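> Here's a structure for you.
Every read-out reported here was derived from the displayed coordinates using simple, explicitly stated rules and does not represent laboratory data. Treat the numbers as computed from the prediction; the structure is a model and nothing was measured.
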Amino acid sequence: MKNTWIVLCVISWSLLVLCPFAACGTTFTLSDDALMTLDYKYEGTYTNMLSITDVAGPGVQFNFLYPDPHYIRDQMPDLFWTSCIYGGNGSLTAIDISSFDAFALKFTLISANGVSLPDAVGPVIVGALINRSDAVYAYSPEVIAINDPVSATSVTTTDAGQIDLIGFTCNIPYWWYDESSPSPWDPDGATISLLVEPAPGAVLIIPEPATLLFLCAGAAFLSRKF
């Protein structure tokens, strides 16, 4: 009985740590580990993902290369980076999100072409990307720049019961697609470094694999010892 009680206590504590989405809260976000599983560039975009790094502290750094930002038919300079049912591993799909009504991520523009100065590049439009019952995807756009504001949190509402598509978007504002408009962007394109973080105050629905492994191992150890 003592053995069973100890194991049940450990498992209960594990669930409290790893499943905070059972608590109050209507907005969820993704952990660093979950962000690292995003692997699919959604259809019709020509921006190339160069590297993905889980940096120290919260957040994952995404480095990607935009093509010439002037509008070229069928070559839109935007990015929709996802985990979805349409391609890639789909690691985050089929997760039940019916108890939530919004998905959020925090974005910070780190640099453009390796430069972190205000005049290095124009602003970008970012957004937390999620499917809804009436749309394949939706996002709440936020504008960030190297100078001001450098960071923003996008909160996108959703009424979906499960994840079909989730991730983020980062786009060059459409008014710079037109060659008649002055553009601060390099005509050869630009390499963007973007930090994507779990949204402050939102609920992490994806448990950290390392923590899960540690807690399960601890429960197994206690079970054998007692």
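> Could you tell me what % of all Cα pairs in the range 25-204 have separations over 27 Å?
Roughly 23 percent, rounded to a whole number.
> I would also like to ask the following. List, in order, the whole-Hz ³J(HN,Hα) value for each residue of the range 123-133 obtained from phi through the Karplus relation with A = 6.51, B = -1.76, C = 1.60 and θ = phi - 60°; use x for Gly and Pro.
Karplus-based 3J(HN,Hα) across the range 123-133 equals x, 10, 9, 10, x, 6, 9, 7, 6, 10, 5 Hz.
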